[in-house]
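See below for the structure under consideration.
Readers should treat all values here as calculations from the given coordinates under stated rules, not as data from a laboratory. In this text, all values refer to a predicted model and were calculated from it rather than measured experimentally. We place every Cβ from the backbone using ideal geometry, glycine too, and count neighbours over all the protein chains shown.
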Protein chains: 2
Amino acid sequence: MTMPIEKPVYLQKVKQDNMSVLLQQIWKHEAISRVELVELTKLTSGTVTNLTQDLIQLGLIQESETSSGSVGRKRVMLKYNLERFLIIGLDISRTSYEVILTDLTGRIVKSAEGNTVGIHQPEQILDLIESHIRSMNHYAASRGTPVIGLGVSIPGPMDRKAGQLLSPVNFPGWENFPIVSTLESRFGLHVFVEDDARASALAERWYGLGRSVQDLLFITMGMGIGGGVITRGELVEGANGLYGQVGHITLVPDGQLCACGNRGCWETVGSIPGILNRWSAGHSIDEFFHAVRQGDPTAQQCLTQTLRDMESALTTLFNTYDPEIIVIGGRLYPYLAMYMNEIRAGVKERIYSFVRNRLTIEPATFGSSQNAIGAVALVFEHLLMAPLQILTAVKPAQE
Amino acid sequence: MTMPIEKPVYLQKVKQDNMSVLLQQIWKHEAISRVELVELTKLTSGTVTNLTQDLIQLGLIQESETSSGSVGRKRVMLKYNLERFLIIGLDISRTSYEVILTDLTGRIVKSAEGNTVGIHQPEQILDLIESHIRSMNHYAASRGTPVIGLGVSIPGPMDRKAGQLLSPVNFPGWENFPIVSTLESRFGLHVFVEDDARASALAERWYGLGRSVQDLLFITMGMGIGGGVITRGELVEGANGLYGQVGHITLVPDGQLCACGNRGCWETVGSIPGILNRWSAGHSIDEFFHAVRQGDPTAQQCLTQTLRDMESALTTLFNTYDPEIIVIGGRLYPYLAMYMNEIRAGVKERIYSFVRNRLTIEPATFGSSQNAIGAVALVFEHLLMAPLQILTAVKPAQE
């Protein structure tokens, strides 16, 4: 039997995969020695030595001050070089945008936001955003810290492979828009795009409540209801990129027709338009909660129904996804915050008794910037998974 | 910086992981050359040569007749040695058991089944099963083909780490029963246990409709309604082993209290007891479908509601799990088979229009033996994931 000569492209792939394993461990432990990396990753000491050297040369990690080991000897620790690279996160919603420049940990360095009500031309919206991204790029260049990528959070569903949106509900003008190629050619950056709810889940995965958890469900409640499911530490995509369409579980049998095609979806009664529709059309969500506080009986009844629906939906979702933690965010969340203890109690009464004390339900970590931080986390995740691919394409920052 | 000496235990782990990668590829392709294995796995040719040699020595794979390659040269193909090892699968349901002896492909060599109605002592049920397993073991020994493990499918939920059941609904006597250690000491075999619905999903994953699919949802409908979710080719467990409790999605707001703690679960109206309860207590499911065929209006109305509920539930589950295929099995399925086209059409009308032509809904591959085949698949999966662990403990078959 003759064996083929090693193919360099495979070796490059193996190298990158091993780097990824090391980067994930360094992220998890914040600071870690090479000896510990060998123990945790099962890579040989030679591989760890070589790859960490490469990662130091790439500027991604650095040796930190020596720290004393268990027997008093000093050890060299490795950690991320947080000063060296920046990331841009862009959130485009149906009515506004937010752009942030952050370090690798998602710490915001610069930010900008704006209103897009009434603008249904993607190119026009990108025109509004362009100056912010250019100025962030300039800022990064002036400090010698290149931007490694631009993450985008936007309403789904989308075709990730083609880098374009499909036909997002209630988001005219964006059908089939080739967002990845358009932004790449405008800015010369690596561009990654994700559904807003899933981007938000990634924000928790890498920077928030998901750092120490393997199974997490993120739910965003606003003009729609969306979800992102982290299973065994990974965001799940599904066969058609539709995994975790939690707003489209049936809650009201033979209920209102939803834009997705189903009837009685949770979104039709639990989102902001859903609540207002059930209460009294033509009002705002502020007015609704004001009426609740004023003791308006129809508003209070509508709120009660909304909370019971939410308990029912969260119970269904617990039984389907079995998460360790459910995180809830979105524009509606601040209004619901004061009812969360009641909702938690309602859900815990309805799930299997042996897990009642294990489930936690928490608010999203990053409030109104959750989507934008999620867009950053998306780039960060790609950096961890494919560091060579991301970093070798980064142009040295120039003024 | 000093590096530690390689630890043999890590190398053993790496070796087994690489073997697992090779075994999965050989399974997927049925017959494959070493050259192709190198290309597909990115392992070095030396590693592939050494590990396949080890696997041949273990008796798990064999070189097959040379087959002609693209340029007319003969190539040595590797494939599973299907004659060399056997697996026992045991299904314990609330009213019966089934034991099967199969080869590595799940082909049944021997089988036995029996009734357990009224017996609520696990040890008594195991007494009934014991002679079958012993005679299968003897048969295997007489042919010189050792049994590599005993897989068990049983109603959940369970604590997999502890190897014992928790408190399965409607299954008296089995609470906290240490099934794994009990069976291991009775039979001296590796024992693996899984929830019946999830075992059934594994049957599809390794031997059925899941062989060419990454994302599959298995639903079993009978005395209860259970599910098993395959995502990216792997059965998902969840934080508490509860992932895929599809029978416990809320279908009827403020509906009947379910044993799980929730109200209005699909199981309360869609399982055999659920249907009978809604129709007219005290009858059997045979009588119900007989009444439907006779044109009994209350039975027909109840059936219509059952089918609409099923469409609603399947739509919810499609939107949560985004599977490529939904497979339905269980004792109730044969009665529903004639309505499946109607159900398919109902679901397709309710899911996102762009995926309508992609989703398929199919019957389970193994009919009434689905659970037992699933128990076999569970052992087979462990063999593929940890071949050294499974095979080195197998005693040579003796008469």
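Computed values, structure above
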| read-out | value |
| --- | --- |
| Directionally averaged shadow of chain B, computed from the convex hull of its alpha-carbon atoms, nm² | 25.2 |
| Violating pairs (Cα-Cα greater than 19 angstrom) within the set A:Lys348/B:Lys161; A:Lys15/A:Lys42; B:Lys110/B:Lys161; A:Lys15/B:Lys79; B:Lys28/B:Lys161 | A:Lys348/B:Lys161; B:Lys110/B:Lys161; A:Lys15/B:Lys79; B:Lys28/B:Lys161 |
| Other-copy label distances relative to A:Ser135, 7 angstrom Cα-Cβ extension, nm | 8.4 |
| Between segment B:181-224 and segment B:76-95, the alpha-carbon center distance in angstrom | 13 |
| Packing-based exposure ordering (other Cβ within 10 Å, fewest first) of A:Arg94, B:Arg107 | B:Arg107, A:Arg94 |
| Nearest-ten-degree value, helix B:45-58 long axis tilted from longest Cα axis of chain B | 70 |
| Using a 7 Å Cα-to-Cβ projection, B:Asp296 label spacings across copies, nm, ascending | 5.1 |
| Spatially proximal aspartates and glutamates relative to A:Lys74 (Cα-Cα < 12 Å; intrachain offsets below 8 disregarded) | A:Glu65 |
| Order of B:Ser312, B:Ser135, B:Ser369, B:Ser64 - criterion: other Cβ atoms within 10 Å of each residue's Cβ, fewest first | B:Ser135, B:Ser64, B:Ser369, B:Ser312 |
| Folded to 0 to 90 degrees: helix B:370-385 orientation relative to chain B principal axis, Cα | 30 |
| Rotational relation B to A, axis-closest Cβ in chain B, residue and distance rounded to whole Å | B:Thr320, 3 |
| Beta bridge orientation in the protein assembly as shown: antiparallel %, DSSP, nearest 5 | 65 |
| All-pairs Cα distance distribution in segment A:209-364, expressed in whole percent, bin size 10 Å | 11, 40, 36, 12, 1 |
| Rg followed by Dmax, in Å, when segment A:108-210 is reduced to its Cα trace | 14.4, 41 |
| Around A:Gly270: net Lys/Arg minus Asp/Glu count, Cβ-Cβ under 14 Å | 0 |
| 222 nm mean residue ellipticity, helices alone, for chain A (DSSP H n ≥ 4; -39,500 (n - 2.57); rounded to 500) | -13500 deg cm²/dmol |
| Per-bin percent of Cα-Cα distances, segment B:108-162 [5 Å] | 4, 13, 22, 22, 17, 15, 6, 1 |
| Convex hull volume of the protein assembly as shown per residue (C-alpha atoms, cubic angstrom) | 193 |
| Crossing angle, helix B:8-29 versus chain B [Cα axis fit, 0-90 degrees, rounded to tens] | 70 |
| Net charge dipole size for chain A [Lys, Arg +1 and Asp, Glu -1 on Cβ; Debye, nearest 20] | 960 |
| Label geometry 7 Å along the beta-carbon vector: B:Asn170 inter-copy distances in nm | 3.9 |
| Likely footprinting exposure, B:Val191, B:Val246, B:Val213, fewest C-beta neighbours within 10 Å first | B:Val213, B:Val191, B:Val246 |
